[in-house]
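First up is the structure itself, then whatever we jot down about it.
Here, each number is a calculation from the coordinates, and none is a lab measurement. Keep in mind that this is a model prediction, so the values were computed, not measured. When we count neighbours, we look across all protein chains shown, and the Cβ atoms used for this are built from the backbone with ideal geometry, even at glycine.
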Amino acid sequence: MNDRAKTLTLGFVIAIGVIATVALARFVDARRPELNLVVADEHLYLKAKTARRLSLGFNGLAADWYWMRSLQYVGGKLLAHSDRVELNDLSQLNMKLLAPLLDNATTLDPEFLDPYEYAAVVLPAIDVQEAIRITRKGIDANPNAWRLHQHLGYIYWQQQDYAAAAEVYGQGAQIPGAPYWFQAMKARMAAQGGSRATAREIYTHMYEQSADDSVKDMARRRLMQLDSWDERDALRKVLSAQQTRTGRCPANWREVEQMLRAMRAPLDASGAPLDPSGAPYVLQSAKCEVELGPNSDIIVK
């Protein structure tokens, strides 16, 4: 076959792929129900097996289409409810189609890692069991993808299933190229899985190792939360010491400013200590308690 014939053949194959992808998209769109963002979602409009047949062998392109649909679906829900979204609990957004969309993408292209990682990071706030199932599906299809073990171990840790988390990290440690700390994490989970030190180690490793910006941002925010917990514990000790000395809780932060400066806490112009996001902590004098301010970017739960 001469070069011209090869070029024509390649062009024909590409054209068929484009036509198949467009046909699949039109077929799905024609049968896709209108999504009402307030009421319950309908069932998935096209199953993975049907999409595989319609893709005419161009499963990778079809998987990309479902992956993009997944991102658009979540983005649309978040925009529609931006005034009341809690990132740690997305069940209020009724995203019933997210798991099936990600499942379709990974069925069409089992080696496509992005949907698995997205499922591991986002789905736990919607449906933990589906997050576990799809992440395990990714591990089965990609046994050398150690990041999926990292994500699955994290999901189990969030669920306080430290034995399962330890097992997953131990399995991941056997993968060539896996980080050295997987084995240490297995031992840590078995010994003290619920401690803040363990949490800090998990999030630090996730932030340093992940190539996904959404995962890095989640880990960064969780590290800030841990820092804030430690800071609030220290501030409560200051309030308790002042209460013991004077017989009452401080009425404002100025009364304990010297103690705050001694612990090198960052303060604003009013003398209030600042949390890791830069917002001032609020002193609840009646309860002698310290709380996050209304403008804080620290995760609450």
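Cut-off is 10 Å between beta-carbons; in what order do 260, 148 appear when sorted fewest neighbours first?
Details: 260 19, 148 27.
Lowest to highest Cβ neighbour count: 260, 148.
Here region 119-181 was treated as a single set of alpha-carbon atoms; its pair distances binned every 5 Å from 0 give 4, 21, 31, 26, 14, 4, 0 percent.
List the chymotrypsin sites (Phe, Trp or Tyr not before Pro) within region 207-262 that fall in a DSSP loop (any state other than H, G, I, E or B) and whose Cβ has at most 11 other Cβ atoms within 10 Å.
Sites meeting the loop and neighbour criteria: none at all.
The share of Cα pairs per 5 Å bin across region 231-291, counted from zero up to the longest distance, runs 4, 20, 35, 27, 11, 2, 0 percent. A simple spin-label model places pseudo-atoms 7 Å from Cα toward Cβ; at residue 158 and residue 216 they are separated by 2.0 nm.
Treating the beta-carbon of each Lys and Arg as +1 and of each Asp and Glu as -1, no other charges, what is the dipole magnitude of region 184-301 about its Cα centre, to the nearest 20 debye? Before the final figure, lay out each step's value.
Working: 18 positive and 16 negative charges, 96 e Å.
About 460 debye.
Max-minus-min Cα coordinates of region 163-249 on each principal axis give 61, 30, 18 Å, with the largest extent listed first.
Just to confirm a number: summing +1 for Lys and Arg and -1 for Asp and Glu over residues other than residue 210 whose beta-carbon lies under 10 angstrom from that of residue 210, what do you get? The partial results should precede the final answer.
Working: positive: 147, 216; negative: 117, 208, 212, 213, 217.
Once all neighbours under 10 Å are counted, the net charge is -3.
Taking other C-beta atoms within 10 Å as the exposure proxy, 204, 198, 246, 107 rank 246, 204, 198, 107 from fewest upward.
By the count of other C-beta atoms within 10 Å, a proxy for reagent exposure, 263, 185 are ordered fewest to most as 263, 185.
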